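K.L.:
I'd like to ask some things about the structure below.
The values are calculated or read from the model by the stated rules, or taken from the named source; none is laboratory data. Keep in mind that this is a model prediction, so the values were computed, not measured. Cβ placement follows ideal geometry from the backbone for every residue including glycine, while neighbour counts extend to all protein chains displayed. Note: areas computed on protein heavy atoms with side chains; ligands, DNA, RNA excluded. Shrake-Rupley method; radii C 1.70, N 1.55, O 1.52, S 1.80 Å.
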Amino acid sequence: MHPLIEPGKGFSDLKDDWRFSSRSAFTMLTSMVFILSGAVPMLSSVANNAGMTPRQAASFVMCSLLTGCVVSIIASLYYRTPFFFAASLTAIAVLNPMFKQFTLGEMVGGFIVAGIAVFIIGYLGIMGWIGEHLPLPVVLGMVAGVFISYGMDIVSSITSDPLSGCIIVGAFVLLPLVTKKIPPHIVALVAGVVCAVFIHKVELVGDSGSSGISVPVVTAPDFSGNVLLTVSLPLVIMALADIFKGYGVLKAKGYELPLNTVTAFSGIASVFSAFGLGHTVSLAGPVMAILAGDDAGDKRSRYSGTVVFCAGVLVICLFLGYLIPIITALPASILDLICGLAMTGLLTSSLHGAFSTEKYQMGALASFLIGMSGLSLFGIGAPVWAVVFGLIVTFCMERIKNN
């Protein structure tokens with residue numbers, strides 16, 4: 001049996017390693033845009049459709065983020081790697097019908113069982129074994145395919161909002177001609193806010209009638225019914241798919257991932273989150289792509305931006321009632337464009353890693369195409385099927401060899 005906590009740098013020399021630069025600040029701000037424009041509204045919609053009270057809805061949104069951030073800070077500091085754990089957004093598609101079929105207590109029971117199952121998978125070393133035997137180009141092909149939609153959002157946003165799009169992209173492209181010291185994504189973010197205020201006339205003022213402060217609502221679990229098959233099993237599969245997606249993101253940036261420990265951490269965070277109505281916690285690939293990207297500064301210190309970012313998200317969890325109205329007022333075209341530009345580094349590195357060598361190219365191509373298609377079969381999403389079919393193509397046409 002392998003150790004639960006795989007070797008890392010530890011906490012002893014943090015003071016010497018810590019570096020927080022302007023590039024770290026950029027990753028923090030851009031990641032905040034992702035959380036506030038993506039995860040928070042999506043989770044809020046699920047809570048509303050489930051008929052939760054305002055307090056329950058706030059607890060549902062905040063608990064997965066809160067427990068995920070605590071684990072993220074610990075893991076990022078211990079391994080000096082930009083980890084971010086959060087509520088599984090891929091699970092949102094199946095949560096709506098689940099909440100209509102089961103009581104909140106039964107859902108909590110299903111969440112707890114799912115978290116325990118994920119922990120056991122990590123503890124037994126299953127994820128680490130799989131990671132060691134996966135051809136890296138196939139994994140990176142999946143990452144490029146899954147995240148290519150963010151690149152396409154750049155084009156669609158400019159088409160739907162030409163004036164704002166040209167200003168934001170123009171600032172992003174032209175800034176390096178003026179200075180290399182400022183990350184172009186920061187200027188794009190500022191340009192996006194300016195366009196929202198002066199072109200779209202958005203008022204960046206929250207709803208004064210919001211309740212503001214959010215606190216967890218503890219709900220007792222109920223393990224009756226068929227929640228194990230209907231709730232727990234799909235959530236386990238989706239959580240593991242998210243972990244593999246995050247694995248691919250970090251591998252594309254040259255990081256080594258303690259895959260078993262990460263999986264066990266996801267399970268532990270999921271169990272704690274469940275008591276406050278939060279569902280499974282896993283690696284958040286899009287946010288990690290920003291936090292681990294080249295624009296985040298020196299590779300050795302990118303974890304510092306993640307730690308500060310997670311501390312900021314913990315504060316956000318308390319003030320969701322004030323922030324959600326502001327974020328939902330921003331034009332979708334501007335949010336999509338800013339997030340798309342933030343993904344450019346990940347797309348180039350993952351495409352290069354998938355297709356720059358002669359090994360496993362057909363498997364990487366199959367993985368890329370299926371990841372891009374958004375295929376979903378038997379409740380299992382595209383990231384899993386992309387790797388599965390990529391491996392089948394590799395086995396049949398290229399013969400799997402150790403990386």
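K.L.:
Name the residue that is farthest from the chain's Cα centre (by Cα), counting only residues in the range 111-152 that are β-branched (V, I, T) and crowded, with 23+ Cβ neighbours inside 10 Å. Can you show your working first?
P.N.:
Residues of the range 111-152 β-branched (V, I, T): 112-113, 116, 118, 120-121, 126, 130, 138-139, 143, 146, 148.
Then drop every residue that is not crowded, with 23+ Cβ neighbours inside 10 Å, which leaves 118, 138-139, 143, 146.
Numbers: V118: 17, V138: 20, V139: 16, V143: 12, V146: 12 Å.
In this case the residue turns out to be V138.
K.L.:
Here is a follow-up. Go through (1) in a helix (DSSP H, G or I); (2) at pLDDT 75 or above one by one and return the number of the condition M52 breaks.
P.N.:
Tallying (1) in a helix (DSSP H, G or I); (2) at pLDDT 75 or above, M52 fails exactly one: (1).
K.L.:
Based on this model, can you work out whether L36 counts as more than 20 Å from P234 (Cα to Cα), under 18 Å from the mean Cα position of the chain (by Cα), open to solvent by 20 Å² or more (accessible area, probe 1.4 Å) and modelled with pLDDT under 75?
P.N.:
Yes, satisfied.
K.L.:
Name the helices (runs of 4 or more DSSP H) wholly within the range 291-403 that hold at least 3 residues that are modelled with pLDDT under 85 and more than 30 Å from S214 (Cβ to Cβ)?
P.N.:
344-355, 382-397
K.L.:
Looking at (1) in contact with a helix residue (DSSP H, G or I) (Cβ under 8 Å, 6 or more places away or on another chain); (2) part of a helix (DSSP H, G or I); (3) at pLDDT below 80, can you tell me which one E203 breaks?
P.N.:
(2)
K.L.:
Given the options V46, V61, name the one that is under 27 Å from D222 (Cα atoms), modelled with pLDDT of 80 or more and either touching a Lys or Arg at 6+ places or on another chain (Cβ under 9 Å) or assigned to a helix (DSSP H, G or I) (or both).
P.N.:
Working: V46 fails: modelled with pLDDT of 80 or more.
Sole residue among the options that is under 27 Å from D222 (Cα atoms), modelled with pLDDT of 80 or more and either touching a Lys or Arg at 6+ places or on another chain (Cβ under 9 Å) or assigned to a helix (DSSP H, G or I) (or both): V61.
K.L.:
When you check S270 against the structure, is it open to solvent by less than 10 Å² (accessible area, probe 1.4 Å), closer than 24 Å to L104 by Cβ, outside any loop (DSSP other than H, G, I, E, B) and in contact with a helix residue (DSSP H, G or I) (Cβ under 8 Å, 6 or more places away or on another chain), yes or no?
P.N.:
yes
K.L.:
Hey, could you check the range 68-77 for residues that are open to solvent by 10 Å² or more (accessible area, probe 1.4 Å) and more than 17 Å from Y247 (Cα to Cα) and say which is modelled with the lowest pLDDT?
P.N.:
Here the answer is L77.
K.L.:
If only one of A191, A91 is open to solvent by 10 Å² or more (accessible area, probe 1.4 Å) and touching a helix residue (DSSP H, G or I) at 6+ places or on another chain (Cβ under 7 Å), which one is it?
P.N.:
Working: A91 fails: open to solvent by 10 Å² or more (accessible area, probe 1.4 Å).
Step by step, each of A191, A91 is checked, and only A191 is open to solvent by 10 Å² or more (accessible area, probe 1.4 Å) and touching a helix residue (DSSP H, G or I) at 6+ places or on another chain (Cβ under 7 Å).
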